[in-house]
Amino acid sequence: TGRRNLIINGAMQVAQRGVGPTAIGTGYYTVDRFKTQKNNDGAFTSEQSTDHPNGAGNSLKLAVTTADTSVAADQYLYMSHFIEAQNLQHLLYGTSSAKSLTLSFWVKSNKTGTYSFVIRKLDSTKYHLVHEYTIDSADTWEKKIITISPTAGSTSFITASAGAIANDNGRGLEIGFNLAWGSTYNGATNNAWSSNTNHYATSNQVNWMDSTSNNFYLTEVQLEVGENASDFEHRSFGEELALCQRYHYRRDITIYDVAAMGHVLSTNRGAYLLHTPTAMRAKPSISQGSNVHCWYSSGGAVASQSNLVAIYMDNDTTEFNQVYIMADANSSLASIGHPLALTSYHSSGTADSHVSLDAEL
């Protein structure tokens, strides 16, 4: 039947940024491809957990550390997953043949009540659909299965031409798991497409942030074409990692490990060619951890490397298998043209030495 699941890392196997628990705001922090969207007065952590409905596997766990008992009108918290637009062309959105989707997932929380998710179509005219679900029993894994019709709410948004999803490498759909929404955003009708881009939740959505005892677990997230849910599509760790590395690649550097080779450009500037394990979605941004150095040929000396900036081999390229990195050292290097190695130089392999490339949606 081919690959069914449109979600990458739905089993929460890959956590390139670390397993946590990590205090988080807005952004990607632990499990790959799942992004926190936050604007409220509370605080919480994220981690990759081994708590799993089938006893063997991973989940994404959130835990409140500072409660927000009264969410203001413009405040919110949800966990989202973006799907690349060119991976959604077979949905036929924007035509009268637009297909239904089924979302299935396992969820657990100590806080019971009405939750919801939002599916946002982000190309052409933006449309939102909110669907409620209930966590019935505290601290119990429950499987939810929800069908998403292109004409939910007796509308023609998705089947009209403005419902089309562009065939490109941008954002096509966003699936958001709602945890708290203020009144500005919670006026949606359950299970109905809307052109109101403030419709992220219904007024029944619980405030998950109201107590420091609250937790939330999520795993085996699957979005597939059709009106029925199939068994979760388990992919190998290697395949899931490669899919994640299209959007984020972290190259950890242990002691004396060589991440990239390069050469001296000027007195204290080096340039390196870093190959990525898979083609990245777009030109990535770059960041680095501690103790990143260059090893240069003049007596085997080392110099700290900072201010890494990614320069690209071909500005017309739309997918990147290699990245040209420039970096400034804290001291003079060897003569121009001499070889360099981008490496780590510390007494143990536990230091936070890495180079990260980010092309997230």
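The values are calculated or read from the model by the stated rules, or taken from the named source; none is laboratory data. Quick caveat: nothing in here was measured; it's all calculated off a predicted structure. We place every Cβ from the backbone using ideal geometry, glycine too, and count neighbours over all the protein chains shown. Heavy atoms of the whole protein, side chains included, go into the accessibility calculation; ligands, DNA and RNA do not. Shrake-Rupley method; radii C 1.70, N 1.55, O 1.52, S 1.80 Å.
Values computed for the structure shown
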item: Point-to-point label distance, Y312-T26, nm (Cα→Cβ direction, 7 Å offset); result: 2.4
item: S100 paired with S304, simple spin-label distance in nm, labels 7 Å along Cα-to-beta-carbon; result: 6.0
item: Residues of the stretch 28-71 with amide N under 12 Å of the 7 Å Cα→Cβ point at E142; result: none
item: Portion, in percent, of the accessible area of the stretch 1-135 that falls on carbon or sulfur, probe 1.4 Å; result: 43
item: For the chain, size of Cβ-based charge dipole, Lys and Arg +1, Asp and Glu -1, in debye; result: 300
item: Listed residue (I255, F105, N196) projecting farthest to the positive dipole end of the chain, Cβ model; result: N196
item: Structure-derived mean projected area of the Cα convex hull in nm² - corresponding label in [x] 19.5; [y] 28.7; [z] 17.1; result: [x]
item: Burial order of peptide ranges 135-148, 55-68 (average beta-carbon count within 10 Å, highest first); result: 55-68, 135-148
item: Among L129, T30, S59 - extreme Cα towards positive end, dipole of the chain, charges at beta-carbon; result: L129
item: Given charges at beta-carbon only (K, R positive; D, E negative), |dipole| of the stretch 169-288 in Debye; result: 780
item: Fully extended contour minus Cα-Cα distance, from H234 to M261, at 0.36 nm per residue; result: 6.1 nm
item: Sum of -39500 (n - 2.57) over DSSP H runs of 4+, divided by residues of the chain (222 nm, nearest 500); result: -500 deg cm²/dmol
item: Which listed pairs, of K61/K99; K108/K283; K144/K283; K35/K144, have C-alpha distances above 28 Å, in listed order; result: K61/K99; K108/K283; K144/K283
item: Test item: Cα-centred dipole of the stretch 1-98, Lys/Arg +1 and Asp/Glu -1 on Cβ, debye; result: 360
